[in-house]
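**Q** Dropping the structure in here first, questions after.
None of the figures in this text is laboratory data; all of them are computed from the coordinates on show. Quick caveat, the model's predicted, so the values are computed rather than measured. Here the Cβ positions follow ideal geometry from the backbone for every residue, glycine too, while neighbour counts run over all protein chains shown.
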Amino acid sequence: MSQPLNILLIEDNPGDADLVAETLEQSRLRLDIAVAVDGAQALARLLREPPYEAAPRPDLILLDLNLPKLGGREVLARIKVEPELREIPVVVLTSSDAEHDIVKSYQLGANCYVTKPVGLVAFQSIVQAIEGFWFTVVKLP
């Protein structure tokens, strides 16, 4: 693999963002991780609006649902209607285990839904499982 795989983490909680990034950085794969702290910043990056004109297209998006400025559901809906974005897999990684959030996320086109576990080791295990599945098992476009 000559080019690194690009991950866009859309997460407003700095602690969760750091934990995800630190866990992914331990990977044997070459990963570039960009973080968007709210839904508006995420869409600007994805649509390559200023100042993100040179932002790489992510190979995978990790999306929290509860975001400031523009919620995760709205971001997901927008991603899945944009022709240049809709093929990017979106993993909803959120604290909500509410049935309506799960159903709505899949209706909007989420590729999978993962509830953030409580506890450091469990959280790291989930992130490693996501990475392993999406970058070693699945064939990405």
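**Q** What does a probe at residue 84 reach in segment 51-69, counting residues whose amide N is under 13 Å from the point 7 Å along Cα→Cβ?
**A** 52-58
**Q** Please give the residues of segment 11-52, grouped as numeric ranges, whose backbone N is less than 14 Å from a label point set 7 Å along the Cα-to-Cβ vector of residue 74.
**A** The answer is 38-44.
**Q** Mind checking which of 20, 95, 108 is farthest towards the positive end of segment 1-124's charge dipole, using Cβ charges of +1 (Lys, Arg) and -1 (Asp, Glu) about the Cα centre?
**A** 108
**Q** Multiply the residue separation of residue 54 and residue 66 by 0.36 nm, subtract the distance between their alpha-carbon atoms, and state the gained length in nm to one decimal.
**A** Difference between extended and current length: 1.6 nm.
**Q** What's the local net charge at residue 110, with K and R +1, D and E -1, over the other residues with C-beta under 11 Å away?
**A** Surrounding charge for residue 110 is +2.
**Q** Right, another one. Distances over 25 Å make up what percent of all Cα-Cα pairs in the chain?
**A** 19
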